[in-house]
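Here the structure comes first, spelled out in structure tokens, and everything after it is commentary.
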Amino acid sequence: MDNEIIVQEQKYEVANPFANSAAFQELYDIGKMFAVSDIVPSSYRGKPMDCAIAVDMANRMQVSPMMVMQNLYIVKGKPTWSGQACMSMIYAARQFKNARIRHVGKEGDADRGCFVEAEYKDTGEIIKGTTVTMEMAEKEGWINKDGSKWKTMPEQMLIYRAAAFFARAYLPNALMGVYVEGEAEDAFKEKTFYDIPDVFPAIPEVVV
């Protein structure tokens, strides 16, 4: 199934790229190869350093560089995992089994929502992620944002946001400290940022 793209993919392994200049050059050369490919997302094309960083992250996560490039994007100057990537990480997590989406409420109602549920393999304990509802989306201002998909595909957005909450709570190491879908917008929605083009831009100066 599509959500299992995270497992059993080809890897481009590089020894610790920061151990010496030769290892870093090898990583950069791989980045250059991806940067000239028409298959990689347009945001990575012509950017060998961005591609090199994606390859390094993929090595650490033991997944394909394409998985990282297709699911890691920049929001408010912060790299952010897509909700689809979070769901893939949950399905692939070694400590869990029987991960599933649970829906609540009636489609079209304010209490319509969902949460992610999974079972620990070693103990059998069932854990439940945060329940995300349309009422929550309305109160948090997600629905009325410019370009928001909440109006056109609310059911999918509920799943993505529920997956992001679960991954943040129970798979923080897999996320490697990167924001998950919605966090960057929520964290910085009251602030204005300068545009600073960079590989993964540092936090720009904030104008309050």
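The values are calculated or read from the model by the stated rules, or taken from the named source; none is laboratory data. Owing to the predicted nature of the structure, the values given are computational and were not obtained by experimental measurement. Neighbour counts are summed over all protein chains in view; Cβ atoms, including those assigned to glycine, are modelled from backbone coordinates with ideal geometry.
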| query | Restricting the search to region 128-141, which residues are surrounded by fewer than 20 Cβ atoms within 10 Å (Cβ to Cβ) and of a type outside the set (Ser, Thr, Tyr)? | reply | Lys128, Glu135, Met136, Glu138, Lys139, Glu140, Gly141
| message | Can you say whether Ala85 is free of Cβ contacts under 8 Å to residues at least 60 places away in the same chain and either among the small types (Gly, Ala, Ser) or in contact with a Gly (Cβ under 8 Å, 6 or more places away or on another chain) (or both), as far as the supplied structure shows? | response | no
| Restricting attention to region 18-30, does a residue exist that is more than 20 Å from the chain's Cα centre (by Cα), in a loop (DSSP other than H, G, I, E, B), over 23 Å from Lys121 (Cα atoms) and at pLDDT 90 or above? | no
| message | So, in region 43-98, how many residues would count as being out of contact with any strand residue (DSSP E or B) (no Cβ under 8 Å at 6 or more places or on another chain) and at positive phi? | response | 2
| task | Hey, could you check region 110-127 for residues that are surrounded by 13 or more Cβ atoms within 10 Å (Cβ to Cβ) and aliphatic (A, V, I, L, M) and say which is nearest to the chain's Cα centre (by Cα)? | result | Val116
